[in-house]
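Chemist: Before I ask anything, here is the structure I am working with.
The values are calculated or read from the model by the stated rules, or taken from the named source; none is laboratory data. A quick note: this is a predicted structure, and the numbers were derived from the prediction, not measured. Positions of Cβ are generated from backbone atoms using ideal geometry, with glycine treated the same way; all protein chains shown enter the neighbour counts. Note: accessible area is taken over every heavy atom of the protein model, side chains too, but ligands, DNA and RNA are not part of it. Shrake-Rupley method; radii C 1.70, N 1.55, O 1.52, S 1.80 Å.
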Amino acid sequence: MTFDFPGYELHFIQRESCGDGSEHLFTYIYKFRSPVTGYTYVLRAEYHTEDVFAIKFYCKKDKSSEYKYSKIINKGDAGNILITCAKAIPPLLKEFPLVSFGFIGSRTIDRVSGKVESYVNNQRFRVYKRIVAQKIGDITFEHLEYPEVSGYLLINRSSSGNIIAKEAAIRKMFTSSYANLPDL
Amino acid sequence: MKSGADAPLFLVALGILISHFFPNFGSMSTRKKRLAAKGDRLNWTPLKDVMPVKVSAVQIKGRIVKISKTALQPTLIVP
């Protein structure tokens, strides 16, 4: 399967500071609209120490939900929505040339049965990693996957002479900041 | 033309005829067969049973993803 979707225009909304003393320093918030689903989506690029952005997105209608990252919209257009999220990388890279990126595939909630999928190699992760491997090359980033937690890292090759050390530092930072990393 | 006394007999005969050709006529309904929910089919965890997962840096092992040049499309977002 190929992902030749054009995606949609991403609108920058604001820079939100995070003053809770954690490794999360600030967030760039974007939004975009899918004319196919008729919904607006919110994309959050959360900047952390170790010069890394965690990319998250959810449907705006679910903004108040505890499970906004886990809900399935099931109205189609996933290809365009995911490509739009990936399109946030170039402008961020322009502003922060040494920055790395990471994401986690959230566990899906099945509303009908009231059940939740495993955090290991989940369905979102399997789709995301495939798109990233097709649309992001390996010249700028080293690609690393973590199926145990459905996570993925794009380590910027310019950020450090030692990619292994940089990856270990980012991994340590994320696991200490998010003690329950694969939680809902 | 049937008389009033023949009418019940006619209805019984009609019933027998219908049940002969359409054996499930009496139990036919418009209700669709409900498919098992995805969470049930894939044996997912009930929401109330989801426990916090503690992950330490030691447990997680990163695996380098080899990007095959043939898989990359000409419309790369980032080279």
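Chemist: Determine the percent antiparallel among the DSSP beta bridges restricted to the stretch A:1-160, to the nearest 5. Please list the in-between numbers first.
Modeler: Working: 36 of 39 bridges.
Of the beta bridges lying entirely in the stretch A:1-160, close to 90 percent run antiparallel.
Chemist: Compute the angle between helix A:163-177 and the longest alpha-carbon principal axis of chain A, please, reported from 0 to 90 degrees and rounded to the nearest 10.
Modeler: 50
Chemist: For residue A:60, give me every one of the aspartates and glutamates with a C-alpha distance below 20 angstrom, ignoring sequence neighbours fewer than eight places off in its own chain.
Modeler: Hits, sequence-local ones excluded: A:9, A:16, A:46, A:77, A:110.
Chemist: What's the carbon and sulfur percent of chain A's accessible surface, probe 1.4 angstrom, rounded to a whole number?
Modeler: On the way: 4380 of 8330 Å².
Reported share for carbon and sulfur atoms: 53 percent.
Chemist: Show me the three semi-axes of the equivalent ellipsoid for the stretch A:100-184, from the C-alpha gyration tensor (sqrt of 5 times each eigenvalue), largest first, rounded to whole Å. Spell out each step's value before the answer.
Modeler: On the way: eigenvalues 140, 51, 11 Å².
One finds semi-axes of 26, 16, 7 Å for the stretch A:100-184.
Chemist: Under a crude label model (7 Å from the Cα following the beta-carbon direction), how far is residue B:61 from residue A:98 in nanometres?
Modeler: 3.1
Chemist: Using Cα-only point scatterers and the Debye equation, what is log10 of I(q)/I(0) for the protein assembly as shown at each q in 0.08, 0.15, 0.16 Å⁻¹, rounded to two decimals?
Modeler: Normalising to I(0) and taking log10 leaves -0.41, -1.17, -1.33.
Chemist: State the dimensionless ratio Rg/Rh of the stretch A:22-177 (Rg: radius of gyration of Cα atoms; Rh: Kirkwood radius).
Modeler: Working: Rg = 15.6 Å, Rh = 16.3 Å.
My calculation puts Rg/Rh at 0.95.
Chemist: Using unit Cβ charges (K, R positive; D, E negative) and no other charged atoms, how large, in debye to the nearest 20, is the dipole of chain A about its Cα centre? Before the final figure, lay out the partial values.
Modeler: Values: 25 positive and 20 negative charges, 125 e Å.
Using only the charged Cβ atoms, the result is roughly 600 debye.
Chemist: Which of the listed residues, A:13, B:12, A:140, is farthest toward the dipole's positive end in the protein assembly as shown, when Lys, Arg count +1 and Asp, Glu count -1 at the beta-carbon?
Modeler: Of the candidates, B:12 comes out farthest on the positive side.
Chemist: What relative contact order, as a whole-number percentage, does the stretch A:14-71 give when Cα pairs under 8 Å and 6 or more residues apart are counted?
Modeler: On the way: 98 pairs, mean separation 13.8, N = 58.
In percent, rounded to a whole number, it is 24.
Chemist: Then there's this: Can you give me the Rg/Rh ratio for the stretch A:1-103, using Cα atoms for both radii and the Kirkwood formula for Rh? Don't skip to the end; give the middle numbers.
Modeler: Values: Rg = 14.0 Å, Rh = 14.4 Å.
Looking at the stretch A:1-103, the ratio lands at 0.97.
Chemist: What's the longest piece of chain A with no exposed trypsin sites (Lys or Arg not before Pro), counting a site as exposed if DSSP puts it in a loop and it has at most 15 other beta carbons within 10 Å? Let's see the in-between values first.
Modeler: Numbers: sites that count: A:63, A:75, A:111.
By the stated rule (loop sites, at most 15 other Cβ atoms within 10 Å), A:112-184.
Chemist: Take a quick pass over the stretch A:72-182 and tell me how many lysine pairs come in under 22 angstrom between Cα atoms, counting only ones 8 or more apart or on separate chains.
Modeler: 9
Chemist: Solvent-accessible area of residue A:17, probe 1.4 Å, all protein chains present, reported in Å² to the nearest ten, please.
Modeler: For residue A:17, solvent-accessible area is about 90 Å².
Chemist: Compute the separation of the alpha-carbon centres of the stretch A:77-127 and the stretch A:39-57 and state it in Å as a whole number.
Modeler: 10
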